[in-house]
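The values are calculated or read from the model by the stated rules, or taken from the named source; none is laboratory data. Owing to the predicted nature of the structure, the values given are computational and were not obtained by experimental measurement. Here the Cβ positions follow ideal geometry from the backbone for every residue, glycine too, while neighbour counts run over all protein chains shown.
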Amino acid sequence: MNRALLALVPSALLLCAQAAPVKPQTAATRVHRDVAGLAANFVGRRYKLLGIKFERQTFPILKSIEVEEGKAFTGKGDGQQPPLQWGKDIEATSFSGNGTFNSKALAFAGYGIQTGDYNDFNGVDFTSKVIIIARELPDIPAFAALKPEERSLRGRLRRFETARIGGLILLDEGDAPSPLKLMPEIPTFPYPVVSIPARALEPVCGDLKARLKKIRETGQSQSVDFVWAPWSYLGLTLEMERKEVDAPNIIATIPGTDPSLKGEVIVLGAHLNHQGQAGDNASGTALLLELAKSLKSAKPRRTILLIHFSGEKEGLLGSAHWIKNPSVPIESVKAMLAFERGDRMDLKHFTLAKIPTVDFFTELHADKLSGEGTAKVAAYARKVVLDIANAEKTPAFEAAKLKVRQ
């Protein structure tokens with residue numbers, strides 16, 4: 001098997017070298033061109049040569065986004081400030097919804113955090129208002145209990161996904177708003193989400209940087225509702241143009257041979273290569289293909305799915321899509337084994353779905369490839385896979401030991 005795998009890995013590596021764009025325009029352009037056009041077709045051809053049935057599951061991924069129309073102004077009481085300059089005083093986010101409103105009241109919610117005795121949402125009615133929260137979260141004792149996911153921008157924004165508010169402002173403490181860039185891991189909001197530097201809001205909201213400083217110094221929330229006279233407000237018109245492409249998951253099936261167990265499924269997963277790096281994840285892709293060949297001849301009792309996920313670096317999009325749209329009943333999946341460079345990524349959504357998971361490291365360095373080392377991993381993985389696929393009982397999920405890195 002070592003010789004076969006060593007022959008296969010250079011092919012995957014050559015594929016990666018051919019696919020690597022010199023100057024990628026966007027993450028989604030890279031996924032569409034490199035993965036859909038080369039990697040997925042390569043994997044599909046290999047399965048066809050092995051005589052293993054496979055299917056292509058596609059899902060949309062954001063290719064590009066731009067502001068078609070953007071206008072904004074602030075005001076206080078009866079006094080309206082000069083229009084905000086787009087790109088200098090205000091910028092959209094890739095997860096912003098469209099919207100138009102003439103004057104919605106502003107409210108400041110600090111860092112958008114609730115933990116222990118600290119609560120940015122206490123005592124303020126945020127309904128229908130445009131909420132201001134700081135983009136960056138400091139490392140202070142008041143936030144020490146927050147988990148990594150709760151500290152991230154994505155985690156803090158989840159609270160607002162279904163909130164009945166009029167809009168959201170990510171406050172930048174620098175002189176300019178954060179530039180518009182693709183962040184496909186954050187879902188599109190039903191209302192506008194924009195970036196504005198603190199200086200641009202100072203005429204109507206006062207010194208918000210001073211409020212953030214006080215939070216850092218005291219560990220106490222400084223939320224304030226600007227609806228009270230003289231009320232402060234934002235007027236906004238925002239129209240975004242989004243272009244999507246289809247990204248593929250490749251799903252191969254080795255049917256189980258035991259009539260009483262073939263309805264149960266063991267999933268093997270690896271993400272399709274990202275940026276022409278050998279370990280990340282050509283080794284995992286090549287390993288799955290080699291496993292497919294040997295597992296087919298082993299005639300396992302349970303069915304085995306080999307899934308090559310797209311969109312891993314863009315937010316685990318492929319594995320998330322499969323969990324939401326499984327090609328087999330999700331309750332039939334008894335275990336998932338992921339083959340990664342060492343990031344422990346694609347198994348996350350399976351773990352959250354309460355499916356027992358095992359992570360195999362194929363490489364520790366994305367820019368180096370050890371065919372012999374990967375072959376050893378493949379040999380060991382084959383034994384583990386067949387032990388699970390042929391056992392009378394499958395591993396049990398232990399919720400008490402659940403630890404998922406976000």
Exactly one of these conditions fails for T58: (1) modelled with pLDDT of 85 or more; (2) out of contact with any Pro (no Cβ under 9 Å at 6 or more places or on another chain). Give me its number.
(2)
Would you check if there is a residue in the range 41-50 being in a strand (DSSP E or B) and either at pLDDT 90 or above or closer than 23 Å to L316 by Cα (or both)?
no
Residue check for A210: exposed (fewer than 15 other Cβ atoms within 10 Å of the Cβ) and of a type in the set (G, A, S):
yes
Pairs returned, first residue in the range 121-149 that is assigned by TED's automatic domain parsing to the domain that holds D207 and over 13 Å from I165 (Cα atoms), second residue that is of a type in the set (G, A, S) and assigned to a strand (DSSP E or B), beta-carbon separation under 8 angstrom, 6 or more apart or interchain, are R135/S195
Taking the stated definitions as given, is L182 in contact with a Pro (Cβ under 8 Å, 6 or more places away or on another chain) and not in a helix (DSSP H, G or I)?
no
Among V358, V333, V328, V385, which is surrounded by fewer than 18 Cβ atoms within 10 Å (Cβ to Cβ) and modelled with pLDDT of 90 or more?
V328
Tally time: how many residues in the range 81-113 are assigned to a strand (DSSP E or B) and modelled with pLDDT under 95?
2
Residues satisfying the stated conditions in the range 149-169, i.e. under 22 Å from Y118 (Cα atoms), out of contact with any helix residue (DSSP H, G or I) (no Cβ under 8 Å at 6 or more places or on another chain) and not in a loop (DSSP other than H, G, I, E, B):
L153, R154, L157, R158, R159, F160
Of the candidates L212, L201, L268, the one satisfying the condition of being assigned to a strand (DSSP E or B) and either in contact with a strand residue (DSSP E or B) (Cβ under 8 Å, 6 or more places away or on another chain) or in the same structural domain as L288 (by TED's automatic domain parsing) (or both) is L268
